[in-house]
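The values are calculated or read from the model by the stated rules, or taken from the named source; none is laboratory data. All of these numbers come straight from a predicted model, not from anything done at the bench. Every residue, glycine as well, gets a Cβ built from its backbone with ideal geometry; the counts of neighbours run over all protein chains shown. To get the accessible areas, we keep the full protein, side chains included, count just its heavy atoms, and leave off ligands, DNA and RNA. Shrake-Rupley method; radii C 1.70, N 1.55, O 1.52, S 1.80 Å.
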Amino acid sequence: MTSNFPTLVVEDLRTYFYTKAGVVKAVDGISFTVDRGEILGLVGESGSGKTVTGFSIMGLVDPPGRVAGGRILFKGDDIAGLPDDAMRTLRGNRIAMIFQDPMMTLNPVLRIDTQMIEAIKAHNAVSNDEARRRARDILGRVGIPSPDERLKAYPHQFSGGMRQRVSIAIALLNDPDLIVADEPTTALDVTIQGQILYEVQKLCRESRTAMIWITHDLSVIAGLADRISVMYAGRIVESGQVDEVLDRPLHPYTRGLIGSVPSENRRGVPLAQIPGMTPSLLNLPPGCAFRARCPRADNACLTPPEMTLAAPGREVRCFHPHLA
Amino acid sequence: MTFATDTAPALPPKVETPFQRFVADFAESPVAVAALATFAAVLFVALAAPLISPQNPYDLRQIDIMDSRLPPGGQSLAGMTFWLGTDGQGRDMLSAMFYGLRTSLFVGAMSGMFALAIGMCVGLSAAYFGGRVDTIVMRIVDLQLSFPAILVALILLAVLGKGVDKIIIALIAVQWAYYARTVRGSALVERRREYIEAATCLGLSHKRIVFRHLLPNVMPPLIVVGTVQIAHAIALEATLSFLGIGLPVTEPSLGLLIANGFNYMLSGKYWISIFPGIALLITIVSINLVGDQLRDVLNPRLQK
Amino acid sequence: MTVFITRRLLQSCLVIFVMSLIVFFGVNVIGNPIDILINPEADQAEIERAIKALGLDRPIHEQYLVFIQRAFEGDLGRSFVFGEPALKLIMQRMPATLELALCAMLISIVLGIPLGMWAGLKPESAAGKSIMGFSILGFSLPSFWVGIMLIMIFAVMLGVLPSTGRGQTVGLFGLQVSFLTWDGLAHLLLPAVNLALFKLSLVIRLARAGTREVVLQDYVKFARAKGLSPSRIVLVHVMKNIMIPVVTILGLELGSVIAFSVVTETIFAWPGMGKLIIDSINLLDRPVIVAYLLMTVFMFITINLVVDILYSILDPRVRLQDIKG
């Protein structure tokens, strides 16, 4: 923990899927940094490559996909392309992941204790009793009442919110340095969502864990993340401090995203929407990927824009950003 | 539910009839085409058995007991060559197999056709009328299908006795439930479609709706099940005849030929059993392979 | 749980009742009961005495009641051939059949689940494709044909295994079993493999399909994200999930294995109840036929009942539904 390296530095990461129909560039050269105790929001529509980014960091990209380029520096060491055995000692141990749908992430035929203890014992030489004690403590920490009894339950005996708490507890079991959370609150009721967001944030700050929070929901990110990176068609189009990006979006896409969130102060005004759909990542046309849906597009956009520094800590990939 | 709507392909240069499309899809698998050709050959042999067999194995004047159990390639006293040897009565195995194939296919096809007709009527009525008819019929079908085919056939043959007609009855009884279940299943899906509603609104008779509108649309799964069932029926008939409770010795099918040869096998006279066995195998495997390809081609979920 | 079991028991009783009706009326309406129940070599006076003794002069519903009453007392008639109660004959032969059937089931599970999982984990590999090819063959080949091939190869050509009989047996809890002696095992091997082949193909298919479905589930990816070893993921997370459908279906198939042992027992001269029924049909030993059919039906229904209960124990989700319902 004494190293001076940031917890995670992703540099020009490219994850491609080599399908029969062609190469799908799901993640096409993205870079970001997350440090201890920091929460990075990775925002984008479905199909923008945010989940694949998470799996790339975990080393869980399945064929025909693979990390085709770039570096993933975890505390200074490049873990992209690490052999699976070496990656496994990090996974669930130093880097943990929380999945989207709590109904699907717990094995339905195994008891909670089995699923928690195996995660502890995969990385630590501890006795069953010791592992069980740790599992129980962490269940309590994520707000599960009477954890001793609940340990003996099967997943289907929990509600969705409780299941997600169990998944979060499993991610926290080995006190990781980095947690990749892939839309963990999307499938939950709004009230439960709020509780979980609050608790995750608290746990993260207390233990100084770095976190990447993947979501399509800007309202979730607003109160949670420190910084935010907006993804579109496999690339980051804008990044910066969360308040700045949300208050003064530079990229037309970010602006469109914010405009499509319902909020109280615009009652009666029809919601803005981004026309068109996310482009197919197979054979993307050259130039800016957002061109076809962008109100500001012109001939300049036929060449691909680069990521440019718009202000200190603010980057944007656009020829025509909404500068003040 | 299907992908057909969002991936509507560009119109092909020439408009294909559904049948041409079907043939083209089927021909995509060389294995299936080979299997179909094999089956056609088997069918030809069975149909033309009296014309192409070297001898009529059931005409006692043509058989000499002195020629019995000759190995393949052996010569009869009269100078005839038995390419696949002879059996215990001195019959030419090749001829006996041709005739046996004929019997096997006849029994399989007849039982299949009747079972299909019965199953289709029952399944269609269950699906079309629904309600109590449906419940009762499907309970019976489920109950029967919970017993293995061989047991049902055994029960029936134990009561009925041996004979071509008896075994056909037994095989029909075994199979009809599969057809009924298949037809009912797909008919239930089709019944909710708009074209049936439209036909009902036009005031067409039940009979016309069921047979002219519903039936053609439930045919594809029925054809697939039918192919597999005929292979099953042939195998089951062979099994029952092998056990000695199927066909009488006067009308031997492949199964009975194999059973006859089995007695000689331990003394090393393998050919009496093996050659009919291979014929049976080729028949069943080729039908199954054709059925597999039909399933892939006719399955709407796999359609491109 | 008790509610569930009681409900299932009642259902089973109903099915047994219906089946006894079918068998009874099948025998009495389709066939001539005098032919079926009375020794065909009896003379006229004997026949008349027998008709009276069997109550065949009474109305059919009364006959049915008598038949049921006797069946409850364990009296299903006497064999013409052996002169012994039919039920006793069947019970004597049953252990041999059960031994064969259980052995076949064991072979199909022990070989089928690993092979099927292998094929499911690596569907495109040569091994995966060969396993599937084998299973397609196992489905297509008629069981009796495979049995003949096994005899020809292992007994006639190689001469390494015996082809008929049960071999040396020893008593175990009052039953004679083959699997405890080397000679018995040698005799058991070919018939068991023969009988297992079809179910083995079935288990391979089920395990393969199950594996392919389960490995795509989020919980498998989550297990990988926990840093578990591949062996633990496959052996615990995947296997436990596919075991439930496989065991259920296989349990239901136990009845069909027993039914199909008719074929195997005939080929390998295995002295079980399957061989008994074929011999009885050929010798027209009708009381044994009737008794066999009723016993098999009874056995079937018992198996289905046990499997349903086992299934509810294995799958926690079914258990919960029952508690709720």
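Within the same chain, lysines fewer than 8 places from A:LYS121 are excluded, and of the rest, those with a Cα less than 17 Å from its Cα are C:LYS226.
Amide H contacts of B:THR86: B:ARG69, B:LEU70, B:MET93, each under 5 Å away and 5 or more positions distant or on a separate chain (H built 1.01 Å from N in the peptide plane; Pro and chain starts excluded). Our summary gives chain C a relative contact order of 26 percent, counting only alpha carbon pairs under 8 angstrom and 6 or more residues apart. Counting only Cα atoms, the size of the range C:200-321 along its three principal axes is 66, 34, 17 Å, in decreasing order. For the range A:1-131, the share of accessible area belonging to carbon and sulfur comes to 51 percent (1.4 Å probe, ligands and nucleic acids excluded). The angle between the Cα long axis of helix C:239-267 and the main principal axis of chain C comes to about 40°, on a 0 to 90 degree scale.
Each part reduced to its alpha carbon centroid, the range A:10-40 and the range B:84-136 end up 60 Å apart.
Each label was represented as a point 7 Å from its Cα along the Cα-to-Cβ direction; for B:GLN20 and C:ARG212 these points are 3.3 nm apart.
For the range B:155-219 versus the range A:68-115, the inter-centroid distance based on Cα atoms is 53 Å. Per-residue 3J(HN,Hα) values for the range A:128-133, derived from phi via the Karplus relation 6.51 cos²θ - 1.76 cosθ + 1.60 with θ = phi - 60°, read 4, 5, 4, 4, 5, 4 Hz in sequence order (x marks Gly and Pro). Between the helical axis of A:190-207 and the longest alpha-carbon principal axis of chain A there is an angle of about 80 degrees. List residues of the range A:213-232, by number, whose backbone nitrogen lies under 20 Å from a label position 7 Å along Cα→C-beta of A:ALA21. Counting backbone N atoms under 20 Å from the label point, the list is A:232. The aspartates and glutamates within cross-link reach of A:LYS75, meaning a Cα-to-Cα straight distance under 18 Å and a gap of 8 or more places when in the same chain, are A:GLU11, A:ASP12, A:ASP35, A:GLU38, A:ASP175, A:ASP177. Averaging 1/r over every pair of different alpha carbons in the range C:92-324 and inverting the result gives a Kirkwood radius of 19.4 Å.
Applying a 4.7 Å Cβ-Cβ cutoff to chain A, the cysteines left without a disulfide-compatible partner are A:CYS204, A:CYS294, A:CYS318.
With a Förster radius of 45 Å applied to the beta-carbon distance between C:ARG58 and C:ILE5, the computed FRET efficiency rounds to 0.75. In this structure, the amide hydrogen of A:TYR232, modeled 1.01 Å from its nitrogen in the peptide plane, lies closer than 5 angstrom to those of A:VAL237, counting only residues at least 5 positions away or on a different chain. Enclosing the Cα atoms of the protein assembly as shown in their convex hull gives a volume equal to 248 cubic angstrom per residue. Highest mean packing first, where packing is the average number of other Cβ atoms within 10 Å per residue, the peptides A:14-21, C:273-280 line up as C:273-280, A:14-21. Per-residue mean of foreign Cβ neighbours for B:277-285 is 3 (Cβ atoms of other chains, 10 Å radius). Axis angle, to the nearest 10 degrees, between helix C:286-314 and the longest C-alpha principal axis of chain C: 30 degrees. Using heavy atoms of the protein chains and a probe of 1.4 Å, the accessible area assigned to A:TYR198 is about 140 Å².
Summing charges over all other residues whose Cβ lies under 11 Å from the Cβ of B:VAL107, with Lys and Arg as +1 and Asp and Glu as -1, gives -1.
Both chains summed, the buried accessible area for C and B stands near 3000 Å², from protein heavy atoms and a 1.4 Å probe. The antiparallel fraction among DSSP beta bridges confined to chain A stands at about 65%.
Adding -39500 (n - 2.57) for every DSSP H run of four residues or longer, then dividing by how many residues chain C holds, sets the calculated 222 nm ellipticity at -24000 deg cm²/dmol.
Averaged over the residues of peptide B:232-240, the number of Cβ atoms from other protein chains lying within 10 Å of each residue's Cβ is 3.
Would you work out the relative contact order for the range A:1-135, in percent, from Cα pairs under 8 angstrom that are 6 or more residues apart? Reported relative contact order: 24 percent. The trypsin sites (Lys or Arg not before Pro) of the range A:72-166 that DSSP puts in a loop, and whose beta carbon has at most 11 other beta carbons within 10 Å, are A:LYS152. Simple spin-label estimate for A:GLN273 and B:ARG132 gives 5.1 nm between the two label positions (7 Å along the Cα-to-Cβ direction from each Cα). Remark: mean inter-chain Cβ contacts per residue of A:122-132 equal 1, using a 10 Å Cβ-Cβ cutoff to other protein chain atoms. Karplus-derived 3J(HN,Hα) values for the range C:112-122, using 6.51 cos²θ - 1.76 cosθ + 1.60 with θ = phi - 60°, are x, 5, x, 5, x, 5, 4, 5, x, 6, 10 Hz; glycine and proline are entered as x. Of the two radii for the range C:176-232, the radius of gyration is 1.30 times the Kirkwood radius, both from the alpha carbons; that is the Rg over Rh value.
C:GLN176 sits among other residues whose Cβ lies under 11 Å from its own Cβ, and their net charge, with Lys and Arg +1 and Asp and Glu -1, is +1.
Of all DSSP-defined beta bridges confined to the protein assembly as shown, some 65% are antiparallel rather than parallel. Here the Karplus curve 6.51 cos²θ - 1.76 cosθ + 1.60, taken at θ = phi - 60°, turns the phi angles of the range A:220-235 into couplings of 5, 5, 3, x, 10, 7, 8, 10, 9, 10, 9, 9, 9, 6, x, 10 Hz, with x standing for Gly and Pro. Expressed to the nearest 5 percent, the antiparallel share of DSSP beta bridges inside the range A:74-211 is 10 percent. With a Förster radius of 22 Å applied to the C-beta separation of A:ASP189 and A:SER46, the computed FRET efficiency comes to 0.60. Measuring nothing but how far apart in sequence close Cα pairs (under 8 Å, 6+ apart) lie, relative to its length, the range B:85-173 scores a relative contact order of 32 percent. Where the accessible area of the range C:92-324 is counted over protein heavy atoms with a 1.4 Å probe, how much of it, in %, is carbon and sulfur? Whole-percent figure for carbon plus sulfur exposure: 71.
Which entries of A:LYS25/A:LYS50; A:LYS20/C:LYS129; C:LYS122/C:LYS221 have Cα-Cα distances beyond 19 Å here? Please report the intermediate quantities before stating the final value.
On the way: A:LYS25/A:LYS50 12 Å; A:LYS20/C:LYS129 21 Å; C:LYS122/C:LYS221 17 Å.
Those over the limit are A:LYS20/C:LYS129.
For A:ILE98, the residues 5 or more places off, or on other chains, whose built amide H falls under 5 Å of its own are A:VAL180, A:ALA181, A:ASP182.
When peptides A:274-287, A:184-197, C:130-143 are sorted by average Cβ neighbour count within 10 Å, with the highest value leading, the order is C:130-143, A:184-197, A:274-287.
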